[in-house]
Structures are given as C-alpha cells and as structure tokens.
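One structure is given below, encoded as structure tokens.
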Amino acid sequence: MPPTKHGLGRGLGALIPPGVPAALAPGVREVEVTRIGPNPRQPRHRLEQDALRELANSIKEHGLIQPLIVTPAPDSTDLAPRYQLIAGERRWTAAKLAGLERVPVIVRGATPQEMLELALVENIQRADLNPLEEATAYRELMDDFGLTQEQVAAKVGKDRATVANALRLLKLPEEVRAALADETISEGHARAILIVADEKKQRALLNVVIANHYSVRQTEEAARRMNEPPKMQAQHAAVVKGSARVEREMPAATRALEDQFRKALSTKVEVSRSKQGGKIVISFYSEEELEAIYEKIVGRQ
C-alpha cells in the first residue's frame, strides 16, 4: 500500500486540528517515556544545553503541553509496544530531564522518508537547525530517497534555489564547515568563501577572515581578488589595505541598508549615493544564485 500523503509543507499543524489544544487533540495518548527512542533520521545533531535545561524546568512546572509525534518501532509488539520519535526530540529529552515518567504522544505510521521529512519541517519551522544540518538533511532526502531539488523544496516549503544554495555549503572544505557549525563564521561568510574556486585558497581565506575579523562584505571582496590572476591581485593591493577604512567611513545608514539587502538576497549588495540619487549593485556568482535572487525580487512566474 502506498504511504499516505500528509501535506508536510504545512508543518506539524497538519497533524492536529485547528483550534484544538494539542494535549486534547484526537489520537493523543500517554506512553512511558522509556518506551520511546530517538528518530534515527533526526537532522539536528546538537542540542543547546542551557535552553534544554530551561525547557526541562518549564515542563516540571507546566507539564508537556505539545505532544510528541511517534511511530511504532521495528521491535514493537502488542505486549511491549515501543516507539521511535518522528518529531519532538528536544521536548522528549527535556521531559526526561524533568523526570516525567509518561508523556503525551500522537502515534502514526511513517516511512523512513517521512520520518526525515517531518523532523526536518519541525526544525526548520522552529529555526533549530544550523545551515549545515539543514543542507545535510536535504542531501539525505535526495541521495537516500531519490528526490530532486524541486521535490525537496516542495516538501519543506522552500523555493528550489534556496535548497540549491544550501546544498552548495556541503562543498566547502571540512575546516570551513567546522567553523560554520560552531558559529566562528556566519552563513554569509561561508557563501562568500564559496566564491573562491580552489579548495586550498578557501582554507587560506578562512584563516584570514578569522584572524582579521572580516565582515561578510570584506570576505566577498577578498574572495573575488583570490580568483584574479596574480598581476591583478598586485594591482589591488592598495584596495585590500584600505578596505576596512572605506567601510568605516561609509555612512551608517547606507551600511545598514547594504546589510539588510545582503541578508534578504543572500549575496553581495553595494549601495552608493550621489546628488542625483544613487545605484544598487547586486552580485551573483552562479546561475543558481541568479535564479534565487530573481525569485526573491520578482517571485516565481
């Protein structure tokens, strides 16, 4: 029998009728917390311990209001039912820290693909994944289940270009990915480092960015220069030396506008002013990035 489609793009709200408190929703039951195991396809790899303790304290005070979504485990029997999490790992872990013996759950059948999809949707909606965890989950859906970028985007409620740009982060060297995972650099820095074609130069640029506390804008400039022939790099030496001074002297309002444009479009944006008005220059470094910018400004046609 083919698996039932559940509208994953709408998130976990599709599982609970609107207007009904989660703990009272039809199909909710209580099970022993020890009979639940983790989702083997959980895309999130790390849990913030301070936030986890805060959630555990809240659960001690108010109980677990939102039920966990679980599926019968492969070794489950009628006499000894066991479950695997589909979504709610953070709440399940906090409930154990809070000492709860039983927790509310919604039990539903789920294929391995659906277990990954639902966990991914929940984490995206809660902004719980770092960029690499999200990209890795997209790649897993494509490699393990044969989905296209378009199909992955539809599953998680994103546009295809956003998924494509996330996947590009996985091409970075291990050192750069580690720096992104531990937040030594931002996603904007990582995308800028991707401008550099050579992996060895990417590592070198990472060291420069960290040592000199480069902004995303400075990282983009340095990446473009590293792609230039040696002769042109020498010609731009003066620009390299003065880049920090130029950015400091830029009017704060203009610099803030550039930052907002850069975050919205996920690429380098330059704003310059003159007596007659000014101009906005938007950069892109691949056809995928151009498509993503187009979709964000114009929308899908």
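Here is how the numbers come out for the structure above:
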| read-out | value |
| --- | --- |
| Failed condition for Val31, given (1) in a helix (DSSP H, G or I); (2) at pLDDT 85 or above | (1) |
| Unmet criterion (only one of (1) touching a strand residue (DSSP E or B) at 6+ places or on another chain (Cβ under 6 Å); (2) surrounded by 18 or more Cβ atoms within 10 Å (Cβ to Cβ)) for Val121 | (1) |
| Qualifying residue in segment 100-109 (condition: more than 19 Å from Pro40 (Cβ to Cβ), assigned to a helix (DSSP H, G or I) and either modelled with pLDDT of 90 or more or in the same structural domain as Arg217 (by TED's automatic domain parsing) (or both)) | no |
| Sole exception among (1) within 11 Å of Ala94 (Cβ to Cβ); (2) in contact with a Ser or Thr (Cβ under 9 Å, 6 or more places away or on another chain) for Pro43, by number | (1) |
| Hits in segment 45-70 (condition: under 25 Å from the mean Cα position of the chain (by Cα) and farther than 15 Å from Glu30 by Cβ) | His45, Arg46, Leu47, Glu48, Gln49, Asp50, Ala51, Leu52, Arg53, Glu54, Leu55, Ala56 |
| Hits in segment 126-182 (condition: in a helix (DSSP H, G or I) and among the basic types (Lys, Arg)) | Arg139, Lys155, Arg160, Arg168, Lys171, Arg177 |
| When residues of segment 72-89 are limited to those that are buried (at least 19 other Cβ atoms within 10 Å of the Cβ) and touching a helix residue (DSSP H, G or I) at 6+ places or on another chain (Cβ under 7 Å), the one nearest to Leu52 (Cα to Cα) | Ala87 |
| Residue in segment 44-54 that is modelled with pLDDT of 85 or more, more than 21 Å from Thr111 (Cβ to Cβ) and either among the small types (Gly, Ala, Ser) or assigned by TED's automatic domain parsing to the domain that holds Gln113 (or both) present | yes |
| Selected residue (criterion: surrounded by the most Cβ atoms within 10 Å (Cβ to Cβ)) from residues of segment 161-206 that are of a type in the set (S, T, N, Q) and touching a residue at least 60 places away in the same chain (Cβ under 8 Å) | Asn165 |
| Number of the condition not met by Ala154 [criteria: (1) modelled with pLDDT of 90 or more; (2) over 19 Å from Lys263 (Cβ atoms); (3) surrounded by fewer than 18 Cβ atoms within 10 Å (Cβ to Cβ)] | (1) |
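Quick grid of which residues meet (1) assigned by TED's automatic domain parsing to the domain that holds Gly299; (2) touching a Phe, Trp or Tyr at 6+ places or on another chain (Cβ under 7 Å); (3) at pLDDT below 75; (4) not acidic (Asp, Glu):
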position: Ala190; (1), (2), (3), (4): no, no, no, yes
position: Leu194; (1), (2), (3), (4): no, no, no, yes
position: Glu199; (1), (2), (3), (4): no, no, no, no
position: Asn207; (1), (2), (3), (4): no, no, no, yes
position: Ile210; (1), (2), (3), (4): no, no, no, yes
position: Met226; (1), (2), (3), (4): no, no, no, yes
position: Ala237; (1), (2), (3), (4): no, no, yes, yes
position: Ala244; (1), (2), (3), (4): no, no, yes, yes
position: Gln260; (1), (2), (3), (4): yes, no, no, yes
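The values are calculated or read from the model by the stated rules, or taken from the named source; none is laboratory data. Since the model is a prediction, treat every value here as computed from it, not as a measurement. No Cβ is skipped: glycine too gets one built from the backbone with ideal geometry, and neighbour counts run over all protein chains shown.
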